[in-house]
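Working notes, structure below.
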Amino acid sequence: MLAGNMKTRTAILLTIPPMLWAGNAIVGRMVAHDVPPILLNFLRWAIALALLLPLAGPIFRRDSAVWPNWQRFAVLGLLGIGLYNALQYLALQSSTPINVTLVASGMPVWMMLTGWLFFGVGVSRRQIAGAVLSIAGVVLVLARGEWAHLLEMRLVAGDLFMILATIAWSLYSWLLTRTTGPADIRANWASFLAAQVGFGVVWSGAFAAGEALIAPASINWSWTLVAALAYVAVGPAIIAFRCWGAGVQQAGPAVAAFFVNLTPLFTALFSSLILGESPHVYHALAFMLIVGGIIISSGRATARR
């Protein structure tokens, strides 16, 4: 049991998405010059929807319970699929993967503010303490173990896009716990995810069309791009969203948000592997700070739930 209250299974469910999202940031940066960012998001989710249809195809029939509840699924699809991922890929056009994931590390703060402002959820001192400790670990990665490096950081347009993406994800995560919907759809993870992805593809398709009108660009097809599309459609999309949805339902959005802070750590480690560099001591220290923040914040919060 984590912190005496969070089950190990829940902790694993919430650790898998940051790991996959770290890879998503690196892959998105790698193909930034091969495919327009909004189009990349559309292709990613179109492939994911095609993979989900054999498991959840019937939910799109005329008599499906999705249609009487289409508004809530349309909002979930807009926030979690249409906006968050498109803004992230847009951010990667001008920012680095580590910067993008570090900006997203403000998730616990945005999650607590969103819950407080829009859902009437109070914020405990443990959560504030956990947020400070966890973000300290992220800052340690940013500084690469030397605080002087913090002075070298410069914010770019991509960082602003990522802040907007983080706010959208915070709203999405809270709505996951507030969206009741038909019991038969929520009971089947593939159906529940496919309902969101279906509407998300519509949103992302509309955004991609707008991108093509404003800034026309061609796709540079290669096997690297095909492999990248396969990865982002299966790993960071289907698997990560499935694990995140299940983890949020069990731990709550405020606690789950702290696990997002693992993303920049995984990003730094993966970047090191790709660049052939060995992990440093500060990576281990940052990991302990981030996990410490998760443990502190999750204890009483999960007990209340």
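What follows is calculated from the coordinates using simple rules that are stated; it is not laboratory data. Since the structure is predicted, the reported quantities are computational estimates derived from the model, not experimental observations. A quick note on method: Cβ atoms are made from the backbone with ideal geometry, for glycine too, and the neighbour counts reach across all protein chains shown.
General remarks:
- Kirkwood-based Rg to Rh ratio, segment 8-304, C-alpha trace: 0.96
- As a size descriptor, the averaged projected area of the C-alpha convex hull of segment 19-149 was calculated at 11.2 nm².
- With a cut-off of 20 Å on the backbone N, the residues of segment 18-45 near the modelled label site 7 Å out from S272 along Cα-Cβ are 18-27.
- Segment 235-273 and segment 3-67: distance between their alpha carbon centers, rounded to Å: 11 Å
- Highest mean first, the peptides 71-80, 251-260 sorted by other C-beta atoms within 10 Å per residue fall in the order 251-260, 71-80.
- In this simple spin-label model, placing a label point 7 Å from the Cα along the Cα-to-Cβ direction at both A209 and R9 gives a separation of 4.3 nm.
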